[in-house]
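The values are calculated or read from the model by the stated rules, or taken from the named source; none is laboratory data. It should be emphasised that the depicted structure is a prediction, and the values quoted were computed from it without experimental measurement. Note that each Cβ is placed from the backbone with ideal geometry, even for glycine, and that neighbours are counted across all protein chains shown. These area figures cover heavy atoms from the full protein model, side chains too; ligands, DNA and RNA do not enter into them. Shrake-Rupley method; radii C 1.70, N 1.55, O 1.52, S 1.80 Å.
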Amino acid sequence: MEIDDEAPLSDSVTIAISLSPSSSSSYSSSSSSCSASVVPHPFSPLQQTAESPPFRPLRMSESGGMLSLGGWSHDGERLRFVDAEGNEWGNVVNRFNQLATVKGGRNGHQEVVKWSDFGSCIGMRETAEFGEEVLRAMRGGRRDWKRDITKSELHSYWCRMTDPWLDSRILLFFDLCDRNMDGRIDEREMKQVISLISPINKLAIKNKEAEEYAALIMEALDLQHRGYIQASEFEALCKAILPKGSSTISYKKNHGQQQEPISKAEILFRSYWRRAWIIGLWLMICFALFTWKFIQYSHRAAFQVMGYCLSTAKGAAETLKFNMALILLPVCRNTITWLRNNPGLNSVIPFNDNINFHKVIAGGIVIGVILHGGTHLACDFPRISGSDRSVFRQTIAANFGYQQPSYFQILSTTEVASGIAMVVLMMIAFPLATKWPRRQSPSLPRSVRKVTGYNTFWYSHHLFVPVYALLIVHSMFLFLTDNLVEKTTWMYIAIPVLLYAGERIIRAIRSGFSEVEILKVSLYPGKVLSLKLQKPKGFRHKSGMYIFIQCPQISPFEWHPFSLTCGPEDDYLSVHIKTLGDWSCQLYSLFEEAILTGLKQYPKIYIDGPYGASSQDHIKYDIVVMVGLGIGITPFISILKDIATRLKKSSSNHAACGEGSLEKIPLKAYLYWVTREQGSFNWFTDVMKEIADTNQKQAVVEVFNFLTSVYQEGDARSALITIIQSLYQAKYGIDIVSRTPVRTQFGRPNWFNIFSKLARRHRGARIGVFYCGPMTLARELEKLCTKFSTKTNTIFVFHKENY
């Protein structure tokens, strides 16, 4: 389809359908915006009562023969009974052959499958109950429909389900809803089908709601109040509402002036130059230090005994001193939060990648330890103990009291013992800090998972305290020199250690006075805990920041980061915590117990912060795209609330957006929230409604919800949900899934199409893409940012939350 320059980012349709019982259906479509708010359309007073609001934008003529429905996207084929991919007839035959048994009959022996295996054969193993209903409909609902299926019968059923004619598939869908196969669907039958498909799509639809939705469909189609609907009316509704067309977007060629797309090399430079120069500088310093010490020890007397092994070990030791000092700086969070407020520094130093840089330095330390310790243990020490006595006396005998030591005597010295102890502690801490043990990956053996997790990571990471103490001891007892000037380890680490220790002391003092009063506690579906806290005096934060939370009842030492979900101008603080680890599970259990038992006092909570995060950089862009997976929406909630507050202020002051404020408001902000649980939408219902109300005055924010538990739009298993959703939102302006004005889309987003539309709509703009969620999608989004920045003249700059 062709997309106009001003087309909305979520394709939608306004469709008129004829509902006269005898007439064939006809429809026409036009473009209409589908934003977070619902704009009332003119409506006829027909069928309006005091208790029941009119359809919006459902319009009926006075003759009762025409209605108009708005707001449904074109995505995928219409009314599919089989999956779009990987479900050819050959796959069906393979599944049939696996399940078939040979039975005798009037036509001789033939292969058959049980009727209960029909869903498995056609690729509906997870929704076998729905497959059985499809089989019942195709067998006309006869009493003997529960009989075995031959391959020829299966092929005929398959052909009907994949019939290219939409009318045929709609008729099959009608038969599925027509429980008693009398050619009519009444309200009771419609309710039964709704009750069937809701658990298939993991939707919580209560019995009363199913009755309401069934009545809604009857109200829309049974205009003559006969108590039933016929196939022609049902067909008209399906054609009007169900998505149509291809998910592939064809854009009109731009005949106007347009800049040439920039090269891939240039976009890579623009995207990564800040990281590149930091990493490049770090590598240059490490190389320079290694080379300096390598050359220096190549001219020492000890070189005659140990050779290049000594130079390699000492060169690696010098890089270790530097990296052991540098690794503390990226985790000095107060300092980084303060520095990132400087626009000049923030423009050249990638503060958002502080944790990633911390990990890179850790990798450098691992390499340094292997080179330094490995060459000492495998090369230097054997050469000292086994060297020629005359060479030993002429070179390094004075350093060993003129007595040549054995290998084990060398290992028992203070220098070596402290070094080995450091390596042992690092071997414990480093593996537990990697992704799989920290997140208790299911791929790990069960015995290993029991001793891993975030708590194990947190405690083991604090082994750095004895490591640094041992480092000082190690550096003071050197074999080859007694000159204090050459014992430079303390010079490297003094300032970083003091800075880090000062930060920890400040945090301890500040948090000690920051026991906050808990104003409200809410428990949401998906085991999400919402805490509304009293805002400490003098506490100031910006949208996108996060805080650390401690619960002394669980542990007096553990602090965990959580994004603030309150706006900067709110008089309270709020966080939403999903139980993803052992600490959060314990916290949830404590508050759940307090609520259920009616305790007057909640567990104590201490906070520390606020701290800066990559989401703060949204103020750098006029166009902002925010993508959150599940609980990953939390960093963007404070941004949405901040935008809504500023829009209200600018509107009340009759001023332009952002005028008079320190931080500007984006010209356009897009939020894409992808979740697998319907209950997730309850977390931020009030915020979504607030955004919808604000958007009616100034359409700055567009919100797109995606629920992946519901089968993709166009699938027969979710088709009736699609119909009900459109009718309900047309009448009440509320989405039946999220219970907000924001319409929920089903299945996973087509990110390629989304970026295509963004690039088309905002030609020549620089768009900030902010993401919070698993790394799998992060890599995909980053690739798309690079791809579209290269192929179009719209620049996409990717940011990911790192705590």
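So the values come out like this:
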quantity: Most positive-pole-ward Cα, 345, 283, 355, against dipole of the range 274-391 from beta carbon charges; calculated: 345
quantity: Accessible surface, 1.4 Å probe, highest first, among residues 226, 389, 333, 340; calculated: 389, 226, 333, 340
quantity: Amide proton proximity set for residue 578, modelled H, under 5 Å, gap of 5+; calculated: 529
quantity: Relative contact order of the range 276-385, defined on C-alpha pairs under 8 angstrom at six or more residues apart (%); calculated: 34 percent
quantity: Solvent-accessible area per residue, Å², over the range 320-435 with all protein chains present [probe radius 1.4 Å]; calculated: 48 Å²
quantity: Ratio Rg/Rh, restricted to the range 77-164 and using Cα atoms, in which Rh is the Kirkwood radius; calculated: 0.95
quantity: Highest average packing first - 210-216, 585-591, Cβ atoms within 10 Å; calculated: 210-216, 585-591
quantity: Per-residue ³J(HN,Hα) for the range 454-469, Karplus 6.51 cos²θ - 1.76 cosθ + 1.60, θ = phi - 60°, Hz, x for Gly and Pro; calculated: 5, 4, 4, 4, 5, 5, 5, 5, 7, 5, 4, 5, x, 4, 5, 5
quantity: Cross-link pairs 435/537; 527/800; 239/787; 535/757 - those with Cα-Cα distance over 32 Å; calculated: 435/537; 239/787; 535/757
quantity: Additional length obtainable on full extension of the chain from residue 385 to residue 159, 0.36 nm per residue less Cα span; calculated: 73.0 nm
quantity: Alpha-carbon centroid distance for the pair the range 294-324 / the range 732-801, whole angstrom; calculated: 51 Å
quantity: Distant-in-sequence amide H partners of residue 703 (H built 1.01 Å from N, under 5 Å); calculated: 36, 671
quantity: Karplus (6.51, -1.76, 1.60) ³J(HN,Hα), θ = phi - 60°, over the range 271-283, in Hz, Gly and Pro reported as x; calculated: 7, 10, 5, 5, 5, 5, 6, 5, 5, x, 5, 4, 5
quantity: Residue-by-residue Karplus 3J(HN,Hα) for the range 312-326, coefficients 6.51, -1.76, 1.60, Hz, glycine and proline x; calculated: 5, 4, 6, x, 5, 4, 5, 5, 5, 4, 5, 6, 5, 7, 5
quantity: Loop-resident sites, the range 708-803, for trypsin sites (Lys or Arg not before Pro), counting at most 16 other Cβ within 10 Å (DSSP); calculated: 739, 763
quantity: Point-to-point label distance, residue 476-residue 348, nm (Cα→Cβ direction, 7 Å offset); calculated: 3.9 nm
quantity: Magnitude of the charge dipole, the range 77-164, Cβ model with Lys/Arg +1 and Asp/Glu -1, debye to 20; calculated: 500 debye
quantity: For the range 710-798, with +1 on Lys and Arg beta carbons and -1 on Asp and Glu, the positive-most of 758, 775, 732 along the dipole; calculated: 758
quantity: Computed label-point distance, nm, for sites residue 558 and residue 398 using a 7 Å Cα→Cβ extension; calculated: 5.6 nm
quantity: For residue 800, net neighbour charge (Lys/Arg +1, Asp/Glu -1) across residues whose Cβ lies under 15 Å away; calculated: +1
quantity: Only Lys, Arg (+1) and Asp, Glu (-1) charged, at Cβ; the range 514-612 dipole about Cα centre in debye; calculated: 180 debye
quantity: Long-range HN-HN contacts of residue 515 with modeled amide H, under 5 Å; calculated: none
quantity: Lys/Arg +1, Asp/Glu -1 at C-beta; the range 514-612 dipole; positive extreme among 555, 583, 545; calculated: 545
quantity: Size of charge dipole - the range 665-718 - debye, nearest 20, with Cβ of Lys, Arg +1 and Asp, Glu -1, no other charges; calculated: 80 debye
quantity: Mean shadow area of the range 514-612 over all directions, Cα convex hull, nm²; calculated: 6.2 nm²
